[in-house]
Amino acid sequence: MGTASSKQGPPSNVRPLSLHEQFSLCRRHAGYPNIISVIVAYPTVFHSEEHSKEKVDQVQDFPSEEYLKRRIDQLQDKLPILHSRLRKGCFEPGERWSVGDILRREVVPNDGLSDEQRTEGGYTKGEDGEGEEQETMMNYLLEREIRRMERQPLHGPMWQVTLFTRPSTTSAISQSDQENQDQTNDHISYLTLSVFHELIDGRGILHLLSSLLSSSEIKQEPFRTSLLEETHYIKPPIWYILPIAFQSLLLPLLPEFVQRYFEKPRPWPKKTETKENPLDVDWTQTTVGLSENVVNGLKVKTRENGVTLHSVFTIGLGWALRDVMGVQDDDGEVKGKMLLHTTHPKDERSPTVGHSAIVGNYVSHLSVDFELPLLSRDEFTSFTSKSSASTASTPLTPSTLSNGLVETNVPVKHISNEEFSITKGLNLTSSDATTTSSVGTMKQEDLFWELTRQVGIQLKDDKKIREGRWGIGLLEYVPKKFLGPLHLTPQRVSSQDSQNVSALDSQNDSFEDDVEDGRNVKMRDTKDQRNESGMRKRNQNKQTLIESKGQLQEMTTNTNTNTNTNTNTNKVTSTKSKMITGTTTEVIDYDTETGWETFFISETRKIPFSTSISNSNLGFYPLPPYATDLIWGSSSTAFGPALNVSIIGHERGVRVGMTCRLGAALGMEELDRVGKRFKRMMSGLAGVK
């Protein structure tokens, strides 16, 4: 059952954006685009006779360009929305993209690793014996690709594939190497698939990756597929809306002493715990790898305690965050409690009711709140596993992980919005009481497993699942304010890419340009834009001052629908800019503006974060043939959680990506410490040193 509307619907030959997709487009318009990306690692092998400056390594069983070109054409044939254009809140049919617009090729850069991390021809060993150099390089390339996609024009391709291959060394080859033609050097090459969130969700990008790399037939889909709100009743009832309206709209108008009486405890990070507003800072990410041995050890513990890996990861991430960010006393002990609001995306995709099998957004957002009590960080590391040596060698397969990475009967992706204190109703009089415990009389390990059980209960609760859908339906009540063309301007520069800024040519209309400068953009906020009764000026072909890297630079904008002509038009589709340094400024088409941009920017100014952690778990995904590793992730937008987590499992273990707005709630050092702390905790629980 869908939400009915009396308004006249869009034309039958277009596909309207769902509420979730409109929110993604809103973030892009506001200058904080959300891109989902996946990276796959493949072994590279080349023979010494091919060892020359001109040649690029031949990749053993790496998808060839010719093969990928055919599959890209086939995907556009079978999934016509892949070559659509965004206009007037809809996907409109458009001409097919050329393969060159979608498929890119680059050389694996040398600047992804520090000197300490780079060990030529080998791996740097991690705490559990895993190679971390490849993991670090994959994290670097994933972030780099997302940043490059952030700079794509609004009407450019919404998905792209990049091949990263190793160049042959330029050093001279010894005579012995030339004689030994069988001698090989092993390296790693990579394939990335990156898609704007308006077009796809996390589970969908895995389906798209499978279709890209597989030789199986792609099922034909119509351009117009059903939306989530057309197949599920997501409109929230009035009794669900009223408390939210009271807290958000009425309570701030009451006297302060009245507000204190009704105000609910706010989760971490409160506004006082936020150093910078997420609107004003860049984002960054890190990736933590859990080996096959660690995951198998955790599986044994989850079976013993009747919980799932997803619940273990949720509590583990929260505990690591509390250990790093909690207030400490003079002895280094974390004191006080930390309330965390976590969300968990849930996959609602069902082709049997008309959903697309691959593209589109079919996600609801479940929410679980829990409170972590006062415990010592040092005591937590004493957790041990009872797993036997035989379990450590059990291969990871969908059958061994099906009830571990994802909640039973709940294809987890996000979760929604009723407050719940995980400590309510806990039995703190366990017979395993210990005088050294700092929480009631429950031993620390017992408390950990009790918390994971309570999280699992909430994730499978029917009421929570319904409210997860209503949370999406609330978007329909967000007030809209249309301001006209939005001038998106560069504000933040990635520290690792800041030296790579290059001049841009306004006549270069290729989407294949690799822009090294990975900076974020945000909406201009000047007096110029707020005059004329609050409407931004729509003057075109004028000199515009933009702020870039702390300086005002002058640039000329060309706001024509065709970048190769000088014809003016009020329907702006793209803007090319010419600057000595910096990035392009794009003027958004008035017809594609969602109207939510002002609201969410204003709300984020008032309350920087309402969610502590978003734990997006895609479950088990078999590695593509011959691939050795796979990681996925997404950009951290200003309208999101303090910590965004992307989890995926495969035959080589589990990969946990973490992104945040750098310097808002977490700094780079703190993010790294959270990742390392989480990894140590999981290894300790699994009994793996």
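The table below gives the values:
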| item | result |
| --- | --- |
| Long pairs among LYS219/LYS346; LYS88/LYS235; LYS235/LYS299; LYS264/LYS346; LYS337/LYS676; LYS235/LYS679, criterion Cα-Cα beyond 31 Å | LYS235/LYS299; LYS235/LYS679 |
| Segment 627-689: relative contact order in percent, alpha carbon pairs under 8 Å with at least 6 residues between | 26 |
| Shape category assigned to segment 242-373 from the gyration tensor of Cα positions, a/c cut at 1.5 | oblate |
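Every read-out reported here was derived from the displayed coordinates using simple, explicitly stated rules and does not represent laboratory data. All figures in this text were calculated on a predicted structure; none of them were measured in a lab.
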